[in-house]
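Below is one structure, written out as structure tokens; the observations come after it.
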Amino acid sequence: MKIKKIEVFSTHEPYKRPIPIAVGTHDSRDNVLVKVTADNGLSGWGEGSPLLPSYSGEVRDQMVDDIVKRIAPDLLGQKIATVDDILSLINSIRRNKYYFQCAIAAIDIALFDLLGKLKKKPVFKLIRSYLKLKKFTKLPELPANFTVSRNATKKDDKIDEMVDEADHYVSQGYSVIKIKIGIFKNSDEHAVKKLSMYMKKKYPERKVNLFVDGNQAYHKVSEVLTIINKIKPYIDGLEQPFHRNIPYLSAQLYNKFKTIKDAPFLITDEGSSSIEEMENIMMSQAAAGSLLKMVRSGGFSFVIWIAQLLRNYPKFKLEPMSMTETGIGTTANLHSALVIYEHCNLKSGFGFDGPMQVIGESYKTGNDTTLYKNKKTGWIIKNKKGVAIYDLKQVIGNGEGLGVTINQKYVNAITEIKTDVYLKKGKIAKEVINFKKNKKIKELIGKQKTILKHPRY
């Protein structure tokens, strides 16, 4: 099959409540959805979620510009029949090592969804077969974690509010809770201790793992060791304490952790958003593991490259996670978790809480880009022990590609601008519909062969 058309949806959704992180407060989801249609009538969906420029280096409108002017010309008219076909195309458009990854992810996920439909296989099975990994005799359980936020002010540290939110999810069976530190340093110790003691008192029969996210807020190893020595009895893991550009500090900290009894599991986040960064973390032993956010890092191609890299670093652990994706991106992330399951740190769980973080419980009943089979449970069900796990029947869906049923009504409702790109007599044509301004524009961008020479800036 050949790629005939690419549709790009510029979306906007306000959060149910702001999410504070060390690099700034995030209050809306501005993602890019992509639909790739082939000449045989099949179509695949993908998503790119940039979060903040300080994280991915990308923003929504720039991603659209990249897809329309720099990625689409490479793809239109190209043949897709195998995993290698996709990897070859993705390699051809990776002009930049870092700043292109989120836009590429949206396209990449759509291409794998498309290929899965052609082969009539779920994406995770398609990729595990490609990587020559063992077939699951029984699909594994993916325990859910949830990240709680603390919107503190100078007058109110909001610790009680954070504890209440954590309690809400633990009462539903969640066994892992992640909280932010480094933003409100004066009250971090009190916040972690209070949350831990509350959980032990209310749920004495259960083990609730606490992970703290440093969000790049620290500048010295000694500074991190000070807070860790205070909260170590209450936590199981520490995420990204230093800025992504100074991984040597993380390496120094990890080396210190090796000498500390019961030191928390150290993982990176922002510092491992590209294949080059991930390899550097492994080679330099800057952490015991890393988050895997493939919707910001190049999609399934990124997951394949990571899986191949892990053959040289078998002890390195991954935590697949997403926090701001719609149902499309969340489903893709869950497929990636099944691809690299054997390398996952099960103690930290799997945090695919994008629909819940942004929309809340109504994501189950129509307020999401995908439709859910069970409108009462959505993504989350409980196993025999009462632990919250992801419903893999929902993940597999119809068993082809991502398996999702697209909620086109909701996609249309959150789309501000829709851009269609296709070939017209050897030229790249685009059609833009601006729903906010009620405008429609058609134009020819240029010849397909010529436009490939245009620089990004």
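The figures follow:
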{"item": "Calculated FRET value between residue 132 and residue 284, using beta carbons and R₀ = 35 Å, to 0.05", "result": "0.75"}
{"item": "Full-extension gain in nm, residue 342 to residue 16, via 0.36 nm per residue minus C-alpha separation", "result": "113.9 nm"}
{"item": "Cα-projected label distance for residue 256 with residue 205, points at 7 Å along beta-carbon direction, nm", "result": "4.1"}
{"item": "Relative contact order [Cα under 8 Å, 6+ residues apart], the range 130-396, whole percent", "result": "18"}
{"item": "Relative contact order of the range 272-325, pairs being alpha-carbon contacts under 8 Å that are 6 or more residues apart, as %", "result": "44"}
{"item": "Matching label, P(r) over Cα pairs in 20 Å bins from 0, in percent computed from the structure shown, candidates (1) 17, 21, 15, 15, 12, 12, 8, 0; (2) 21, 49, 28, 2; (3) 26, 58, 16, 0", "result": "(3)"}
{"item": "0 to 90° range, to nearest 10: angle between helix 101-119 axis and the chain longest Cα axis", "result": "70"}
{"item": "Those residues of the range 24-38 whose amide nitrogen sits under 20 Å from the label point placed on residue 246, 7 Å along Cα→Cβ", "result": "24"}
{"item": "P(r) histogram, all alpha-carbon pairs of the range 235-318 included - 10 Å bins from 0, percent", "result": "18, 54, 25, 3"}
{"item": "R0 of 41 Å, Cβ-Cβ distance residue 189-residue 312: FRET efficiency to nearest 0.05", "result": "0.60"}
{"item": "Per-peptide average of other Cβ atoms within 10 Å, ordering 65-78, 180-193, 317-330 highest first", "result": "317-330, 65-78, 180-193"}
{"item": "Distance (nanometres) between label positions extended 7 Å along Cα→Cβ at residue 437 and residue 141", "result": "5.3"}
{"item": "Packing-based exposure ordering (other Cβ within 10 Å, fewest first) of 133, 42", "result": "133, 42"}
{"item": "Burial ordering of 43, 362, fewest other beta-carbon atoms within 10 Å first", "result": "362, 43"}
{"item": "Cα centre as origin, Lys/Arg/Asp/Glu Cβ charges: the range 130-396 dipole, Debye", "result": "880"}
{"item": "Hz values of 3J(HN,Hα) by residue in the range 315-328 - Karplus curve (6.51, -1.76, 1.60), Gly and Pro given as x", "result": "8, 6, 10, 10, 10, x, 7, 8, 10, 10, 8, 7, x, 5"}
{"item": "Between 0 and 90°, nearest 10: helix 221-231 axis offset from the chain longest Cα axis", "result": "60"}
{"item": "Under 5 Å, built H, 5+ apart or other chain: amide partners of residue 350", "result": "144, 145"}
{"item": "Mean-position separation - Cα centroids, the range 1-50 and the range 184-261, in angstrom", "result": "33"}
{"item": "Debye intensity ratio in log₁₀ form over the Cα atoms of the range 130-396, taken at each q of 0.07, 0.15, 0.17 Å⁻¹", "result": "-0.24, -1.16, -1.46"}
{"item": "Protection-proxy order for peptides 32-39, 274-281, each taking the mean of Cβ atoms within 10 Å per residue, highest first", "result": "32-39, 274-281"}
{"item": "Among 290, 88, 237 the positive-end extreme of the charge dipole of the chain (Cβ point charges)", "result": "88"}
{"item": "Cα-centre dipole for the chain with unit charges at Cβ (Lys and Arg positive, Asp and Glu negative), debye to 20", "result": "1060"}
{"item": "Degrees between helix 247-257 axis and first principal axis of the chain (Cα, 0 to 90, nearest 10)", "result": "30"}
{"item": "Relative exposure of 331, 450, 137, judged by other C-beta atoms within 10 Å (fewest first)", "result": "137, 450, 331"}
{"item": "Relative contact order for the range 247-287, counting Cα pairs under 8 Å that sit 6 or more residues apart, in percent", "result": "60"}
{"item": "Over 22 Å between alpha carbons, listed pairs 35/120; 202/261; 121/315; 158/193; 293/347; 178/200", "result": "202/261; 121/315"}
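Readers should treat all values here as calculations from the given coordinates under stated rules, not as data from a laboratory. Note that the structure is a prediction, hence the values are computed from the model and not measured. Ideal geometry is used to build each Cβ from the backbone, glycine not excepted, and the neighbour counts take in all protein chains shown.
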